[in-house]
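Q: Below is one structure. I have some questions about it.
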Amino acid sequence: MFGSKVKLDKELLDRAKRISLVAGYASVEEFIAHALEKEIQQFDGADSEEEIKKRLQGLGYIS
Amino acid sequence: MSHSHRSFSSLVVLWIIFSFAQLFLCCKCLAMEKVLVLGMDGLDPQLLEKFMDEGRLPHFKRLADQGGYTPLGTSIPPQSPVAWSNFITGGNPGTHGIFDFIHRNPANYLPEFSLAQAEPPGKSIRLLGYQFPLGGGGMKLMRDGEAFWTVLEREREDVSVTICRMPANFPPVEMRGNALSGMGTPDLLGGYGSFSYYTTDPPKDYETVSGGKVYVVYPLNNQVKGILHGPQNSFKVAEDRAPIPKTEVEFMVKMDPENPVALIEIQGQEILLEEGGWSDWVQIEFDQIPLLWWDSAHGMVRFYMKSIRPEFSLYVTPIQVDPARPDIPIATPKEYAPQITKAIGPFYTQGLAEDTKALSGEVFDDREFLIQAGIVYEELVRHFEYELSRFEKGLLFFYFGTSDQCAHMLWRAMDEKHPGHIPDLLEYSDALGEIYEDMDAMLAKALEIADDDTVIMIMSDHGFGPFYYGFHLNSWLADEGYLAVKNPYMRGKGEFLSNVDWGKTKAYALGLNSIYINLKGREGHGTVTSLQKEALVEEICEKLLAIQDPRNGEYVISKAYKTEEVYMGPNTIKAPEIIVGYKRGYRASWATSLGSIPEGWFEDNVEAWSADHCMAAEELPGVFLANRPIKLKDPALYDVTVTVLSLFGVKPTGQMIGRNIF
């Protein structure tokens with residue numbers, strides 16, 4: 001679909017393809033969607049995983 | 001005198017006698033309305049009975065003989081936030097919606113602290129690199145259901161109520177009386193306690209130490225410079241995609257060139273400490289906008305000068321919300337926290353203040369942990385004495401967490417079978433017994449102020465058992481085909497279920513006892529329809545109960561609770577589908593709680609955190625003692641709620657499922 005197409009620099013796309021394979025993603029699209037989701041969370045004001053972890057780590061029950 | 005006249009006179013006399021009798025009974029009734037409930041977290045029936053039999057707990061014994069003692073049914077699962085919420089609401093997790101220490105956001109599967117969450121700030125205006133909020137923000141208590149003291153205050157306007165350090169009550173619910181929040185109250189950084197440690201001799205794996213931050217320092221000319229990192233600067237605008245900057249305060253430590261003494265200089269204050277010494281509470285202000293006083297965050301810390309030479313090591317407590325000028329709502333009314341501070345001095349305000357993480361991270365040794373836990377305990381004692389001194393009638397609830405946090409850490413010292421036990425720890429093998437003696441001393445203080453009409457109750461939320469082995473629940477789910485791993489080569493890496501292929505996953509575990517079905521329409525990438533759910537839950541429960549530890553042949557899980565069967569109430573729909581009830585000795589592994597998927601299913605627990613209660617509810621009841629005969633058989637937490645209300649003549653509400661214990 002026209003609306004879902006995004007232009008990427010070829011070198012960046014190649015790197016994304018390589019990393020998506022190494023990291024075990026089913027496709028480069030899945031990897032890019034995952035990376036975008038993480039970035040969007042920051043702008044949505046959602047906590048980063050690191051912040052969540054830091055806050056929870058004060059609990060003795062988890063490490 | 002006519003017959004009718006005599007009858008009338010007799011009626012008047014009867015009426016007068018009846019009125020006097022009513023007045024007498026009413027006075028008697030009012031005189032009895034002095035109810036003291038002591039919450040002692042994690043007080044275990046087996047240990048309590050052992051120490052009572054040994055004659056070490058004379059006041060517990062007296063109470064048990066005078067009134068009664070019984071094990072107390074706990075919550076499913078027996079985790080403190082869940083259990084105390086059962087007591088608060090007189091219901092169960094279906095009522096209050098607290099199922100575990102850790103919940104998850106079903107949209108993105110990320111973990112969340114179950115008890116309280118930050119609310120997003122409202123609009124703000126920007127000026128000179130700063131943003132000025134125009135409202136909104138703050139913390140929200142996630143527990144649902146009406147607290148029993150709200151019901152009591154509504155039904156009996158004449159009863160004064162004080163609720164001190166009740167878990168699952170941050171921010172405290174509005175009330176006419178006084179409340180100070182307890183477990184669930186964050187430190188000033190917004191987390192659940194993060195210490196700072198400045199040292200020339202960092203412990204192993206210090207970069208990944210949990211629950212604190214280790215800073216390597218380099219003394220120069222007998223001086224050490226350090227920075228205390230404060231809360232995020234809520235006024236500062238983050239540039240581009242950079243994280244929001246944090247506030248910070250510099251300090252200097254000047255070491256005496258000859259003697260084991262050092263001077264700490266911070267914000268114009270000087271603190272002289274000998275090696276091994278603890279400072280009093282030191283107030284710190286974290287400025288957010290230079291030259292403006294009203295924007296500062298108010299914290300306080302204590303310094304522990306662990307060693308000066310040959311290695312330098314300085315421990316700083318997590319930054320506490322200053323109770324004299326609290327920036328977040330730790331008390332209601334808000335003047336109550338400064339009022340306590342004025343009476344007893346500053347005190348730890350975060351929930352679960354015993355620094356178990358400093359011991360686990362080898363920043364403290366066991367002796368140092370006991371000293372720090374002792375500081376927390378002494379503050380509780382002072383606060384308790386203050387409340388007792390002004391308690392004339394009404395309801396006073398007071399919570400002690402020492403019995404829980406110390407049991408977690410000291411169990412391995414008395415249990416030679418524990419994988420974390422080492423002979424050096426035998427020195428502390430009786431430390432838990434001494435903690436129980438401290439609890440007995442608290443009961444003695446309560447008995448001192450009690451007259452014949454005062455009702456005293458002691459309750460704990462759950463018992464305790466050894467935590468010998470961790471079980472990798474997500475790994476088991478993966479090996480049984482319920483959870484799909486995205487990259488098998490990365491299986492041991494990553495947290496927060498980041499290596500899960502959600503499109504092929506049927507169930508996953510997060511928290512300490514919870515299994516969720518990856519439900520279509522609820523989870524972000526759900527795969528299981530609601531029609532398929534019941535059979536899947538049944539199948540997983542059957543398999544859970546059959547798991548055996550190949551090393552000793554023992555069954556690992558004694559109960560697999562289907563929440564639809566054991567919970568009732570409007571929040572049941574939000575619950576995990578299965579609560580895993582581990583046998584004594586087993587618990588969810590460290591990796592499971594935050595969603596990791598290591599190889600294998602079992603690991604020895606060699607951590608200082610050596611005992612736990614996140615097991616099957618039937619294995620770990622709490623305790624109940626009172627100076628009144630106990631008539632109800634097998635009482636549970638929610639029965640205590642109804643009992644307290646009954647003592648004030650208040651009927652339970654529709655959400656309450658308990659019965660009167662007396």
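Q: Do any of B:LYS61/B:LYS559; B:LYS140/B:LYS393; B:LYS417/B:LYS583; B:LYS631/B:LYS651; B:LYS493/B:LYS543 go past 21 Å between their Cα atoms, and which? Could you put the intermediate results ahead of the total?
A: Working: B:LYS61/B:LYS559 33 Å; B:LYS140/B:LYS393 31 Å; B:LYS417/B:LYS583 16 Å; B:LYS631/B:LYS651 18 Å; B:LYS493/B:LYS543 26 Å.
Too far apart for the 21 Å limit: B:LYS61/B:LYS559; B:LYS140/B:LYS393; B:LYS493/B:LYS543.
Q: When Lys and Arg each count +1 and Asp and Glu each count -1, what net charge do the other residues less than 13 Å away from B:GLU155, Cβ to Cβ, add up to? Intermediate values should be presented prior to the final figure.
A: Values: positive: B:ARG154, B:ARG156, B:ARG176, B:LYS651; negative: B:GLU33, B:GLU146, B:GLU153, B:GLU157, B:ASP158.
After counting each charged neighbour, the total is -1.
Q: Additional query: So if R0 is 35 Å, what FRET efficiency would B:ARG176 and B:ARG62 give, r being the distance between their Cβ atoms, rounded to the nearest 0.05? Please list the in-between numbers first.
A: Details: r = 34 Å, r/R0 = 0.97.
So, using R0 = 35 Å, E works out to roughly 0.55.
Q: Still on this structure, I have one more. On alpha-carbon atoms, Rg over Rh for region B:567-662 using Kirkwood Rh? Present the calculation step by step, with values, prior to reporting the outcome.
A: Values: Rg = 18.6 Å, Rh = 17.0 Å.
Rg/Rh for region B:567-662 comes to 1.10.
Q: Shifting gears a bit: Taking the Cβ-Cβ separation of B:HIS525 and B:VAL606 as r and a Förster radius of 51 Å, what is the calculated FRET efficiency to the nearest 0.05?
A: Details: r = 36 Å, r/R0 = 0.71.
The formula returns an efficiency of 0.90 here.
Q: Would you order B:SER80, B:SER589 from fewest to most other beta-carbon atoms within 10 Å of each residue's own beta-carbon? Show your work: numbers first, answer last.
A: Working: B:SER80 29, B:SER589 22.
So the ranking, lowest neighbour count to highest, is B:SER589, B:SER80.
Q: With each label point set 7 Å from Cα along the Cα-Cβ vector, what nm distance links B:LEU447 and B:SER429?
A: That separation, rounded to one decimal, is 2.9 nm.
Q: Would you mind ranking A:TYR61, B:TYR206, B:TYR218, B:TYR555 by Cβ crowding within 10 Å, fewest neighbours first? Kindly include the intermediate steps, with their values, before the conclusion.
A: Values: A:TYR61 24, B:TYR206 18, B:TYR218 8, B:TYR555 13.
Placing the least packed residue first, the sequence is B:TYR218, B:TYR555, B:TYR206, A:TYR61.
Q: Please work out, to two decimal places, the log10 of the ratio I(q)/I(0) at q = 0.07, 0.10, 0.12 Å⁻¹ from a Debye calculation in which every Cα of the protein assembly as shown carries one identical scatterer.
A: -0.53, -1.06, -1.49
Q: For chain B, which DSSP H helices look membrane-span-like by this rule: Cα extent along the axis of 30 Å or more and mean Kyte-Doolittle of at least -0.5? Intermediate results must be reported in sequence, preceding the final value.
A: Details: long enough: B:3-31 (42 Å, 1.22); B:366-389 (34 Å, -0.18).
Qualifying helices: B:3-31, B:366-389.
Q: In whole angstrom, note down how far apart the Cα centers of region B:386-416 and region B:60-91 are.
A: Using only Cα atoms, the two centres lie 13 Å from each other.
Q: Between B:GLU542 and B:LEU263, how high is the FRET efficiency from 1/(1 + (r/R0)^6) when r is the Cβ-Cβ distance and R₀ = 45 Å? Nearest 0.05.
A: Calculated value: 0.10.
Q: Something else about it: Each label point is 7 Å from the Cα along the Cα-to-Cβ direction; what then is the distance between the points at B:LYS562 and A:GLU11, in nm?
A: 5.9 nm
Q: With Cβ to Cβ distances under 10 Å as the rule, what net charge do the other residues near B:HIS103 carry (K, R +1; D, E -1)?
A: Working: positive: B:ARG104, B:LYS574; negative: B:ASP100, B:GLU112.
Value of the local net charge: 0.
Q: Going down the table (A:LYS10/B:LYS213; B:LYS34/B:LYS342; A:LYS17/B:LYS213; A:LYS53/B:LYS520; B:LYS486/B:LYS574), which pairs top 29 Å between alpha carbons? Before the final figure, lay out each step's value.
A: On the way: A:LYS10/B:LYS213 41 Å; B:LYS34/B:LYS342 26 Å; A:LYS17/B:LYS213 36 Å; A:LYS53/B:LYS520 27 Å; B:LYS486/B:LYS574 27 Å.
Where the Cα-Cα span goes over 29 Å, the pairs concerned are A:LYS10/B:LYS213; A:LYS17/B:LYS213.
Q: Determine one quarter of the surface area of the Cα convex hull of region B:249-382, which equals its mean projected area, and express it in nm² to one decimal. Intermediate values should be presented prior to the final figure.
A: Values: hull surface 37.6 nm².
Computed as one quarter of the Cα hull surface, the answer is 9.4 nm².
Q: Straight-line reach only, C-alpha to C-alpha below 18 angstrom: list the aspartates and glutamates that B:LYS533 could link to, leaving out same-chain residues fewer than 8 apart.
A: Here the aspartates and glutamates satisfying the reach criterion relative to B:LYS533 are B:GLU480, B:GLU523, B:GLU542, B:GLU564, B:GLU565, B:GLU577.
Q: Counting other beta carbons within 10 Å of each Cβ, put B:VAL650, A:VAL22 in order, fewest first. Don't skip to the answer; put the middle values down first.
A: Details: B:VAL650 18, A:VAL22 12.
Final ranking by Cβ density, sparse to dense: A:VAL22, B:VAL650.
Q: Taking Cα pairs under 8 Å and at least six residues apart, what relative contact order does region B:354-437 come out at, in percent? Mind dumping the intermediate values first?
A: Values: 57 pairs, mean separation 19.1, N = 84.
Relative contact order comes out at 23 percent.
Q: Grab the Cα-Cα distance for B:GLU119 and B:LEU272, subtract it from 0.36 nm times how many residues apart they are, and report the gain in nm with one decimal. It would help to have the intermediate numbers written out before the result.
A: On the way: separation 153, 0.36 × 153 = 55.08 nm, distance 4.08 nm.
Taking B:GLU119 through B:LEU272 to full extension adds about 51.0 nm, to one decimal.
Q: Take B:ASN222 and A:ILE19, extend 7 Å from each Cα along the Cα→Cβ direction, and tell me the distance between the two endpoints in nm.
A: So the two model labels end up 5.2 nm from each other.
Q: Within a 10 angstrom radius of each residue's Cβ in B:191-197, how many Cβ atoms of other chains show up on average? Whole number is fine.
A: Numbers: counts 9, 9, 5, 4, 1, 0, 0.
Mean shielding count: 4.
Q: Another question, then. What does the helix-only formula give at 222 nm for the protein assembly as shown: each DSSP H stretch with n ≥ 4 adding -39500 (n - 2.57), the total divided by the residues, and the result rounded to the nearest 500 deg cm²/dmol?
A: On the way: 19 runs with 219 residues, N = 725.
Dividing the helical sum by the residues of the protein assembly as shown leaves -9500 deg cm²/dmol.
Q: Find the relative contact order for chain B and round it to a whole percent, using C-alpha pairs within less than 8 Å whose residues are 6+ positions apart.
A: 23 percent
Q: Taking the alpha-carbon centroid of each part, what is the distance from region B:474-495 to region B:605-662 in angstrom?
A: Taking the Cα centre of region B:605-662 as reference, the centre of region B:474-495 is 38 Å away.
Q: Using only alpha carbon pairs under 8 Å that are at least six residues apart, calculate the relative contact order of region B:406-500 and give it in whole percent. Mind dumping the intermediate values first?
A: Details: 54 pairs, mean separation 17.2, N = 95.
Here the relative contact order equals 18 percent.
Q: Report the rotationally averaged projected area of region B:149-274 based on its alpha-carbon convex hull, in square nanometres. The partial results should precede the final answer.
A: On the way: hull surface 52.6 nm².
The directionally averaged projection comes out at 13.1 nm².
Q: Compute for chain B: radius of gyration divided by Kirkwood radius, i.e. Rg/Rh, restricted to C-alpha atoms, rounded to two decimals.
A: On the way: Rg = 27.0 Å, Rh = 26.9 Å.
Ratio of gyration radius to Kirkwood radius for chain B: 1.01.
Q: Report the dimensions of region B:386-500 along its three principal axes from the alpha-carbon atoms, largest first, rounded to Å.
A: Rounded to whole Å, the extents work out to 67, 39, 22 Å.
Every number here is computed from the coordinates shown, using simple stated rules; none is lab data. Note that this is a predicted model, so its numbers are computed, not measured. Note that we place each Cβ from the backbone using ideal geometry, even for glycine, and neighbour counts take in every protein chain shown.
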